[in-house]
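Everything on this sheet refers to the single structure shown next.
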Amino acid sequence: MLPQLILSQSVNLNFIGAGARARGMGGAFIGVADDATAASWNPAGLVRLEAAEASIVGVYESYTPSTDVEGFDAEPYKYSHVGLNFGSIALPLAIGQRNLVAAVAYQKVIDLYYKYEDDDVNQERTGGVNTIIPSIGIQLTPIFSLGASVNIYTGSSDYKQGDKTGWLYSDIEEGYEYSGMNFTIGGLFDFDRFRLGVVFKTPFGLNETENNSDYDVTIHMPKILGGGIAYAATEQLTIALDYEMRSFSESTTEYNKDYGLHREGDEEDLDWKDINQLRLGAEYLLMSGENIFPIRLGLATTPLPYEDNNGDQIVGVNFTAGVGLIMGNINLDVGFEYNTYQYEINSGLQKYDFSDNYLRLIVAGVFHFGQ
């Protein structure tokens, strides 16, 4: 039995936006937010769109662990998979002299994929938590824009375990469903070469149910507050910095039905740590005739709300890079991420160093319709 998939320590709860361009810049995009992915970063940035846009983003991810434990075999733990990460349609409108842009987007916000296989057992879980995001941005003054999004959480996950020995393990099949809703409010101050963005996401309850049991819980997710600065140092170079705070220390789990030793209405403190994330990125535009070739670099901390055996919060680092091609009404982007976590596990007799290493390839296309 593997209940509480969202609560397992293999889940990355660094909720960030989408897009190969933004991710190539380390996710420092709250103050940049000037394309269709703004719905996932800062909806106020939608007003910067001058034409209708559609976008699609796919992600390839591979995972490899390492440790100084003698004789450790990493092969059973390795996995890779591909999936759709984001898609959107945005349509600029107008109210008098004010820009108004409406958009609707899809994003996978929590990827629950996991795989393990050795000579005795195979385990795999698929799926995750997705959002449908209707958004709107409006320019209130020449320098200030306001945006809002409704984040409708949905999704499912399946877990399967197969016993290869015929006796040592159990064959398991479980299915989970997710639902919830919250809101994003964003603001963007545009001072020509300098932009300042702020984002607030409301707390909400993420419901997780298991299809064939009485497991039905609400995970109380925290408020999120973020700010970002983008500075156009030259016409070709943009430097961006984001800082985002997620109050996971306030998170609890509430049981909606009697389950095991838990009674309906029971609420547990998850004892999680706050996630405060710093993201830094840069983009440089190489000009070649009518085409533009962006080059991007970024760096971000990736803290988790969990502690290692020493009581230290697990904090990773994400190294990013990206390239692109802007050719007429088509933008093609590729982003790369190397995300690594270093932590210790204490067996009681000896401490061991572990490392979780993720490599991601993000591919995106943005298509403009008209001028």
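Of everything listed in (1) under 25 Å from the mean Cα position of the chain (by Cα); (2) modelled with pLDDT under 95, the single unmet condition for D118 is (1). Flag: S251 does not match the condition of being touching a residue at least 40 places away in the same chain (Cβ under 8 Å), at negative phi, surrounded by fewer than 20 Cβ atoms within 10 Å (Cβ to Cβ) and hydroxyl-bearing (S, T, Y).
None of F191, F200 is of a type in the set (F, W, Y), within 17 Å of G31 (Cα to Cα), out of contact with any strand residue (DSSP E or B) (no Cβ under 8 Å at 6 or more places or on another chain) and open to solvent by 70 Å² or more (accessible area, probe 1.4 Å) except F191.
For W272, the conditions (1) among the hydrophobic types (A, V, I, L, M, F, W, C); (2) open to solvent by less than 60 Å² (accessible area, probe 1.4 Å); (3) farther than 30 Å from G328 by Cβ; (4) in a strand (DSSP E or B) all hold with the exception of (4).
Restricted to segment 329-353, and to residues that are hydroxyl-bearing (S, T, Y) and under 25 Å from the mean Cα position of the chain (by Cα), which residue is nearest to G71 (Cα to Cα)? Before the answer, list the steps.
Step one: of segment 329-353, the residues hydroxyl-bearing (S, T, Y) are 338, 340-341, 343, 347, 352.
If we keep only those that are under 25 Å from the mean Cα position of the chain (by Cα) as well, we get 338, 340-341, 343.
On the way: Y338: 25, T340: 22, Y341: 21, Y343: 19 Å.
Looking at residues that are hydroxyl-bearing (S, T, Y) and under 25 Å from the mean Cα position of the chain (by Cα), I get Y343.
Going by the structure shown, is E344 over 27 Å from G226 (Cβ atoms), in a strand (DSSP E or B) and either modelled with pLDDT under 95 or open to solvent by less than 50 Å² (accessible area, probe 1.4 Å) (or both)? Spelling it out, E344 is indeed over 27 Å from G226 (Cβ atoms), in a strand (DSSP E or B) and either modelled with pLDDT under 95 or open to solvent by less than 50 Å² (accessible area, probe 1.4 Å) (or both).
Taken over segment 141-155, the residue count meeting the criterion of being hydroxyl-bearing (S, T, Y), under 28 Å from H81 (Cβ atoms) and surrounded by fewer than 16 Cβ atoms within 10 Å (Cβ to Cβ) is 1. Total residues in segment 29-72 satisfying the condition of being touching a residue at least 40 places away in the same chain (Cβ under 8 Å), of a type in the set (D, E), out of contact with any Asp or Glu (no Cβ under 6 Å at 6 or more places or on another chain) and open to solvent by 30 Å² or more (accessible area, probe 1.4 Å): the figure is 1. I'm checking my understanding of the structure. Among residues of segment 73-83 that are open to solvent by 40 Å² or more (accessible area, probe 1.4 Å) and assigned to a helix (DSSP H, G or I), which one is nearest to N357 (Cα to Cα)? Within segment 73-83, the match that is nearest to N357 (Cα to Cα) is Y77. Tallying residues that are closer than 25 Å to D214 by Cβ and in a strand (DSSP E or B) within segment 164-188 yields 10. Please determine whether any residue of segment 98-112 is over 21 Å from F183 (Cβ atoms), open to solvent by 30 Å² or more (accessible area, probe 1.4 Å) and touching a residue at least 60 places away in the same chain (Cβ under 8 Å). Checking segment 98-112: at least one residue is over 21 Å from F183 (Cβ atoms), open to solvent by 30 Å² or more (accessible area, probe 1.4 Å) and touching a residue at least 60 places away in the same chain (Cβ under 8 Å).
Restricted to segment 215-248, and to residues there that are out of contact with any Ser or Thr (no Cβ under 9 Å at 6 or more places or on another chain) and open to solvent by 60 Å² or more (accessible area, probe 1.4 Å), the residue that is nearest to I314 (Cα to Cα) is M245. Of the listed requirements (1) farther than 30 Å from Y352 by Cβ; (2) touching a Lys or Arg at 6+ places or on another chain (Cβ under 9 Å); (3) surrounded by fewer than 16 Cβ atoms within 10 Å (Cβ to Cβ), F86 misses just one: (3).
For segment 149-193, the tally of residues that are at pLDDT 95 or above and of a type in the set (A, V, I, L, M, F, W, C) stands at 7. T184 meets all of the listed conditions (1) open to solvent by 50 Å² or more (accessible area, probe 1.4 Å); (2) within 26 Å of G26 (Cα to Cα); (3) of a type in the set (S, T, N, Q) but one, namely (1).
One residue stands out in segment 122-140 among those that are touching a Pro at 6+ places or on another chain (Cβ under 9 Å) and open to solvent by less than 30 Å² (accessible area, probe 1.4 Å): the one that is nearest to D34 (Cα to Cα), namely G137.
Of all residue pairs spaced 6 or more apart or on separate chains, none has beta-carbon atoms under 8 Å together with a first member in segment 155-171 that is free of Cβ contacts under 8 Å to residues at least 12 places away in the same chain and closer than 29 Å to V109 by Cα and a second member that is hydrophobic (A, V, I, L, M, F, W, C) and open to solvent by less than 50 Å² (accessible area, probe 1.4 Å). Residue count for segment 85-115 under the criterion of being more than 18 Å from N14 (Cα to Cα) and either assigned to a strand (DSSP E or B) or in contact with a Pro (Cβ under 8 Å, 6 or more places away or on another chain) (or both): the result is 18.
The values are calculated or read from the model by the stated rules, or taken from the named source; none is laboratory data. A quick note: this is a predicted structure, and the numbers were derived from the prediction, not measured. Reconstructed Cβ throughout: ideal geometry from the backbone, glycine too, with neighbour counts over all protein chains shown. For the accessible areas, the whole protein counts, side chains as well, though only heavy atoms, and no ligand, DNA or RNA atoms are used. Shrake-Rupley method; radii C 1.70, N 1.55, O 1.52, S 1.80 Å.
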